[in-house]
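Accompanying notes for the structure given below.
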Amino acid sequence: MAPKSRISRRDLLKTAAVTGAAVATGQLPSPTPALAQAPQRPRSWHREADVVIIGSGAAGMPAAIVAREAGSSVIVVEAHNDIGGHAICSGANIPLGGGTSVQKRAGIVDNPDLVFQDLTDWSVVQPNGFPDYRYNDHEIIRAFADNCAQTFEFLVGHGVKFVNEKPDGRAGSAHGNSVPRQMHVWAGDWPQVQTGRPTDASVRATTSNGNGLMRPLEAAAKKAGVEFLLEHRMLAIYREEPHAGRVLGIQVRHNGNTLNIRARKAVIVATGGVSGNVNFRRMFDPRLTEEYCGLAGMPWSDQDASGELASMAIGASLWGLANFSSETGSGLTKPGKIGCQYGYVNLTWMPGSPVFAQARASGLRVGDWQNLVLVNMLGKRFYDETGDDFTGNQYNQINPYHPGSYLNAKNVKYNPNNFINAAMAGLGDGHNGGGPIWAIFDADAVSREQWTPEPPHVDLDAGFFFTANTVADLARKIVMKYQRVPMPPAALEATVARYNSFVDAGRDDDFGKPTPKYTIAKPPFYAAWATPVIHDTRGGLRINARCQVMDMNGAVIPGLFCGGESAGGFSMHGLARCLCQGYIAGRYAHTEKISS
Ligand SMILES: Cc1cc2nc3c(=O)[nH]c(=O)nc-3n(C[C@H](O)[C@H](O)[C@H](O)COP(=O)(O)OP(=O)(O)OC[C@H]3O[C@@H](n4cnc5c(N)ncnc54)[C@H](O)[C@@H]3O)c2cc1C
């Protein structure tokens, strides 16, 4: 029998005082890894609620609102000093279909069966021959399909507005070939976390971003009575026995104190995935070594695998792991900006952002990859610089489309793009990972791109940007944390000379770059960090249709739920699955029996 919780009024007051102080300081918590071992059940609890949710992003926020509005008391713990997770940094392009009111108004015929069919179609492949949906878990997709339209109406009902009147196929989430489902959230006039300022008035009516998604949901959650504990990092999940019995609550770290929060009904893991945890992600793909340090969405929030580790410590299983290393979609991306640590193409940290001090530089947005060469640690080119990311299946991409037919693959022109694979190939010296990739360019490229190669655009202090008057000196200057071997000056000189000869000849004999355009000849010369960016997590905890977490025997762990990027079995990028699974998890967490 579980002991009765003993929460004294003194404990509650103490916790409340600590909470208030931390929020007032506005300091980011220092990362503390989750426990790898199941913790002993606590002797006392500092706080309690029916449902305790870890993470306030795309999955956590709807879960909180749904559970609270159904009548459960809800505490959300959030490691960061603000809500939102990656969702608030996102472009908020959301493919929720299945027969939404907007689809109906636009005359688009969609239903849960069509969503299910689309997202389980084995026959859909990308131009590189990889499949989008083959490894999805059908139970999880069925639950998504059945709750897709409801999740959309839930968003609308809780203040989220959209800029498009009818769904389209624009933006990156693979969401099925049959009908348009993509909606784009109105950015609104909240200060953006990226800039600290509202979206420019001239484009506010047409711009989509995650502030417009998460701020209305935050307001709705607070209005409903959800309690947020910011700067509270979950360290461990308590279960009656290390690998048996129901889940009792969580341990959190806050301002140097360890607190225990009891969950009378359920704990929901909504921690956003594992891509920022080097050792965890390397279980799926050994190439993903530490130099891939520019995870999209960082430094606002990390994906440190804490939810997965804490759940595994009490017996949870992982699921659908093939999706993590599938060569489709935007899991691994070419950076859109160079010369900074966080170069994800669709996120620019500007001075004014509350996390700019950690981001340190905005980066130089690359308009034309003809303006530079990309080299590895040894100063050697490895691929056509204009090469791009893997692709993902969207509306009408295969046309004509025959569900479940061999004809679909015949309709896709085989056109492998190995840019990412070449960038991650490494030096052939027994080390994993591709090492840093550097963009090398000259003063003329700076003029053509209209770059300002100085802080705050580039990160000189942390070694993500270098400049010199000769190519050889540039190579000598590249000294930083992830450059584990010196770049031989003669090698970089030879690379630049050979590339310039390709420009003169109008043909790239090494990598087939279409008509190389510009020589690299006019000093000063520059080296800017251009290493691939990890975007999101596609494998996570094993869940069932109710988002209950399951153990290695396929049995439900009573009282433990999960949604979003921390949940496995679903290869779709981004918000739609996360929001929908939060919606499902909140509903079923509420219906759990109260533990004695
Ligand atoms: C720049 C960018 C653009 C994107 N654009 C799109 C888009 O246009 N469309 C789309 O569909 N998707 C997009 N995505 C992806 C989408 O934002 C994510 O897939 C989604 O937000 C993940 O939801 P989540 O709830 O799983 O995690 P998150 O939204 O990241 O939330 C997880 C939360 O958990 C907190 N947390 C983690 N560990 C702990 C802990 N131990 N204790 C307490 N709290 C913890 C984190 O701080 C975070 O707040 C984008 C992502 C990024 C980064």
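The values are calculated or read from the model by the stated rules, or taken from the named source; none is laboratory data. Predicted model only: the values in this text are computed from it and were never measured. FYI the Cβ positions are ideal-geometry reconstructions off the backbone, even for glycines, and counts take in every protein chain you see. Remember, those area values only see protein heavy atoms, side chains included, never the ligands or the DNA or RNA. Shrake-Rupley method; radii C 1.70, N 1.55, O 1.52, S 1.80 Å.
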What's the total number of residues in the stretch 60-79 that are open to solvent by 10 Å² or more (accessible area, probe 1.4 Å) and either within 6 Å of the ligand (Cβ to nearest atom) or under 22 Å from Ala296 (Cβ atoms) (or both)?
2
Please go through the stretch 430-451 and pick out each residue that is free of Cβ contacts under 8 Å to residues at least 40 places away in the same chain and in a loop (DSSP other than H, G, I, E, B).
Gly430, Gln450
Regarding the stretch 317-325, can at least one residue be identified that is on the phi > 0 side of the Ramachandran plot and either of a type outside the set (Lys, Arg) or at pLDDT 95 or above (or both)?
yes
What residue, among those in the stretch 152-175 that are open to solvent by less than 30 Å² (accessible area, probe 1.4 Å) and more than 20 Å from the chain's Cα centre (by Cα), is farthest from Pro131 (Cα to Cα)?
Val160
Residues of the stretch 140-151 satisfying the condition of being open to solvent by 30 Å² or more (accessible area, probe 1.4 Å) and either in contact with a strand residue (DSSP E or B) (Cβ under 9 Å, 6 or more places away or on another chain) or not charged (D, E, K, R) (or both)
Gln150
Condition (residue is under 23 Å from the mean Cα position of the chain (by Cα) and surrounded by fewer than 24 Cβ atoms within 10 Å (Cβ to Cβ)) applied to the stretch 253-262: is it met by at least one residue?
no
Condition set outside any loop (DSSP other than H, G, I, E, B) and more than 10 Å from the ligand (Cβ to nearest atom), scope the stretch 42-59, selection surrounded by the fewest Cβ atoms within 10 Å (Cβ to Cβ): answer is Glu48
Quick one: would you say Val274 is surrounded by 24 or more Cβ atoms within 10 Å (Cβ to Cβ) and either within 12 Å of the ligand (Cβ to nearest atom) or farther than 22 Å from Trp369 by Cα (or both)?
yes
Name, by its number, the condition in (1) open to solvent by 40 Å² or more (accessible area, probe 1.4 Å); (2) assigned to a loop (DSSP other than H, G, I, E, B); (3) of a type outside the set (S, T, N, Q); (4) in contact (Cβ under 8 Å) with a residue 24 or more places away in the chain that does not hold for Pro198.
(4)
So, in the stretch 225-252, of the ones that are crowded, with 19+ Cβ neighbours inside 10 Å and not in a strand (DSSP E or B), which residue ends up nearest to the ligand (Cβ to nearest atom)?
His232
Looking at Gln27 and the list (1) modelled with pLDDT of 95 or more; (2) under 27 Å from the mean Cα position of the chain (by Cα); (3) not acidic (Asp, Glu); (4) not in a helix (DSSP H, G or I), which single condition is not satisfied?
(1)
Leu560, sole failed condition from (1) assigned to a loop (DSSP other than H, G, I, E, B); (2) open to solvent by less than 40 Å² (accessible area, probe 1.4 Å); (3) under 24 Å from Phe280 (Cβ atoms); (4) more than 14 Å from the ligand (Cβ to nearest atom)
(1)
Which of the residues belonging to the stretch 277-294 are under 25 Å from Gly339 (Cα atoms), of a type outside the set (Val, Ile, Thr) and either away from the ligand (no atom under 16 Å from the Cβ) or assigned to a loop (DSSP other than H, G, I, E, B) (or both)?
Asn277, Arg287, Leu288, Glu290, Glu291, Tyr292, Cys293, Gly294
Residues in the stretch 492-512: is at least one over 26 Å from Asn417 (Cβ atoms), open to solvent by 60 Å² or more (accessible area, probe 1.4 Å), in a loop (DSSP other than H, G, I, E, B) and of a type outside the set (Lys, Arg)?
no
In the stretch 377-411, what count of residues is obtained for those that are out of contact with any helix residue (DSSP H, G or I) (no Cβ under 9 Å at 6 or more places or on another chain), aliphatic (A, V, I, L, M) and open to solvent by 30 Å² or more (accessible area, probe 1.4 Å)?
2
Just one of (1) within 34 Å of the chain's Cα centre (by Cα); (2) open to solvent by less than 50 Å² (accessible area, probe 1.4 Å) trips up Pro486, so point out which.
(2)
Check Gly343, Gly387 and return the single one that is touching a residue at least 60 places away in the same chain (Cβ under 8 Å) and in a loop (DSSP other than H, G, I, E, B).
Gly343
